[in-house]
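Single-structure report; data block below.
The values are calculated or read from the model by the stated rules, or taken from the named source; none is laboratory data. For clarity, every value in this text was computed on a predicted model and none was experimentally measured. Cβ placement follows ideal geometry from the backbone for every residue including glycine, while neighbour counts extend to all protein chains displayed. Remember, those area values only see protein heavy atoms, side chains included, never the ligands or the DNA or RNA. Shrake-Rupley method; radii C 1.70, N 1.55, O 1.52, S 1.80 Å.
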Amino acid sequence: RGLAAPPALAAAAPPAPVWVPAGCRGAQGRFAYKLLHDLFANYSSALRPVEDTDRALNVTLQVTLSQIIDMDERNQVLTSYLWVRQAWLDAHLTWDKDAYDGIDSIRIPSSYVWRPDIILYNNADERFGGSMETNVVLRSDGHIMWDSPAITKSSCKVDVSYFPFDGQRCRLTFGSWTYNGNQIDLHNRLDAGDLTDFVENVEWEVLGMPATRNVVTYGCCSEPYPDVTYTLLLRRRASFYIFNLLLPCIMVSFLAPLGFYLPADSGEKVSLGVTVLLALTVFQLLVAESMPPSESVPLIGKYYIATMTMITASTALTIFIMNVHHCGPGARPVPPWARRLILHHMARLCCVYEVGESCKSPRRALGGRAGRGDAGVLGESPGEGEVGAQVGACPRDRCLCHHDGLLRNVGYIAGCFRRHRSAQRWTSEWKKVAKVMDRFFMWVFFLMVFLMSVLVLGKAT
């Protein structure tokens, strides 16, 4: 025990704990009680703690954003979790730390001292609750620092014109409710809110939180009222809405023009258009439920309305084309201008061809085809011509064809056959017209859907 340790062991050994007598362990606590009693013996927390009542008390404010709890776009309310730090100098709460065993600071309840009535001006909470009653840190030179957490609901003007690719600017304005600028001079401690402890939000991305000091003179009073405004810059994370609202709408929109590709005899052309229209109406209602009822229509809402208008027009055109397709035997022949424009130019453009030919194969001249058809209508078929030649060549004295009754019956049958062939040809031509119009409008509406989708995405980005 009395021998000295070697130098190496002495250097490696930890320092021995300092033993404090039992009577001195409570000295710090007794001085703290005495300090608390001496400080608040003649202190009042109701008066502003300044030596000169004509001078303003400097109060610094610093806000730390911890979490964005909710953004209610419909009611335009932002719910956030903040840490509010206020600091000021209390001239009546100073002491000599050497006289109190070196105590430089104490933690006491905030209700013991005077506190500035700094509140959130644009508070939207129905209970209008303030900060939590936490302790304050009181230093020997009279400086007081009050850190308090608060869950605030603030009003925020929401602009959903570019939803779901929108960004919001929500302001948090702090100021004194009763003290004017000649009594409390409020300043922001830093140029921006503190975001070091911010918990990332799944819907919103925080771009910044700049702070500005404003001095406002209200109509009720002539004194200036300073305030500190924190502007929270938010940008929406659009992935959720792209995969759940925008992409389904785009896919349904590209499905609508396929109604023109359905055969007219299937009976499902109009049903497909109505089903797509109902699906888009459901998506439109989902967007309308979360948006505020304002005059500014969201970008996705405009896209839905334009798509629904296009589908309504396509359904009406489908009904018209089906009426053309089902023209009966009593229909008039296709007009020459429609034959030239639709059956020739538009058919080649839309690559509509008959069975056994392609859009690249040389087509027969419509005039020759029509001439042969007219000859078939006005004249006789080859078989009928041979019969007529045989009838004409038949001597009246050697066969029975000279009977007028038999000639009238044969002529009636031949006329019925010619009229039937003419009606079939007119019906097939009207069906060809309907098919060409179907293909033409299908490509037109496909192009419209593609352009609308590109415009919406391009305007959003």
Practice problem: For the stretch 327-337, name all the residues that are in contact with a helix residue (DSSP H, G or I) (Cβ under 7 Å, 6 or more places away or on another chain) and either at pLDDT 70 or above or not small (G, A, S) (or both). | Solution: C327, P329, P333, V334
Practice problem: Could you tell me whether the stretch 202-213 includes any residue that is in contact with a Gly (Cβ under 8 Å, 6 or more places away or on another chain) and assigned to a loop (DSSP other than H, G, I, E, B)? | Solution: yes
Practice problem: Could you tell me whether Y81 is open to solvent by less than 80 Å² (accessible area, probe 1.4 Å) and either at pLDDT below 90 or closer than 28 Å to L190 by Cα (or both)? | Solution: yes
Quiz prompt | Residues being touching a Gly at 6+ places or on another chain (Cβ under 7 Å) and open to solvent by 30 Å² or more (accessible area, probe 1.4 Å) - total across the stretch 143-198 | solution = 1
Exercise. Search the stretch 266-284 for residues that are open to solvent by 50 Å² or more (accessible area, probe 1.4 Å) and pair each with any residue that is not in a helix (DSSP H, G or I) when their beta-carbon atoms are under 7 Å apart and the residues are at least 6 apart or on different chains.
Key: E268/L262
Quiz item: open to solvent by 80 Å² or more (accessible area, probe 1.4 Å), touching a residue at least 24 places away in the same chain (Cβ under 8 Å) and within 21 Å of the chain's Cα centre (by Cα): does that describe R213?
Solution: no
Exercise. Looking at (1) at negative phi; (2) open to solvent by 70 Å² or more (accessible area, probe 1.4 Å), find the lone condition where S105 falls short.
Key: (2)
Quiz item: Does L65 satisfy the condition of being at pLDDT 90 or above, out of contact with any Ser or Thr (no Cβ under 6 Å at 6 or more places or on another chain), open to solvent by less than 30 Å² (accessible area, probe 1.4 Å) and over 16 Å from P49 (Cβ atoms)?
Solution: yes
